[in-house]
Amino acid sequence: MKNVILILIVMFFVGCSKSDPVNGDASGNFIGNYEYAIASPLGFVSKYSWIVERRSANVIDLDMTKVIVRSDGSQTKSRDLVTEVEITDAKKLDFSYINMNGRFVQVSVLAAPEKLTVSSVALQGDDATHLKWYEFDKR
């Protein structure tokens, strides 16, 4: 009887762990095409487009494009691909990558119906750029 009680206690503490893996496939919470745009007081608009695709259960790929449109109509486009991002939380995703400009980028993503809320920090040497939380709308 003591062994049964000990096993139940161990199972209780293991079952209540905050680091439980995702049950099932949570990639559906993140996949889709998302867009976000912000205008600068300096006269340009930054347009972000993310395509998030399922690679396998709880693993996604991200195709992230940024287009800067200046007031004269000229554009600058950059694109980053991040593959095989593992989903360990059904509603929150944290990942990092090296972008096309050689900057180390850390990203946090919160999933909601029809939206992704994104924050990132890009580092290059001593220079850091922090993007506050932005809401990407699903199209």
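Points to keep in mind about this one:
- Modelled this way, with points 7 Å down the Cα-to-C-beta line, the labels at Gln75 and Glu35 are 1.1 nm from one another.
- Amide H contacts of Asn58: Ala26, Ser27, each under 5 Å away and 5 or more positions distant or on a separate chain (H built 1.01 Å from N in the peptide plane; Pro and chain starts excluded).
- Anchor Lys132: aspartates and glutamates whose Cα lies under 18 Å away (excluding residues fewer than 8 positions away in-chain): Glu35, Asp94
- Computed over protein heavy atoms with a 1.4 Å probe, the accessible surface of the range 17-139 works out to 62 Å² per residue.
- Compactness of the range 35-111 is given as radius of gyration and Dmax, 14.4, 45 Å, from Cα positions.
- Extending 7 Å from Cα along the Cβ direction at Glu53 and again at Arg139 yields two label points whose distance is 1.7 nm.
- Contact order relative to length of the range 87-128, as percent, for alpha carbon pairs under 8 angstrom and 6 or more apart: 31 percent
- Per-bin percent of Cα-Cα distances, the range 80-127 [5 Å]: 5, 19, 26, 24, 15, 8, 3, 0
The values are calculated or read from the model by the stated rules, or taken from the named source; none is laboratory data. Quick caveat: nothing in here was measured; it's all calculated off a predicted structure. Don't worry about glycine lacking a Cβ; one is built from the backbone with ideal geometry, like all the others, and counts go over all protein chains shown. Side chains included, ligands, DNA and RNA excluded: accessible areas come from the protein's heavy atoms. Shrake-Rupley method; radii C 1.70, N 1.55, O 1.52, S 1.80 Å.
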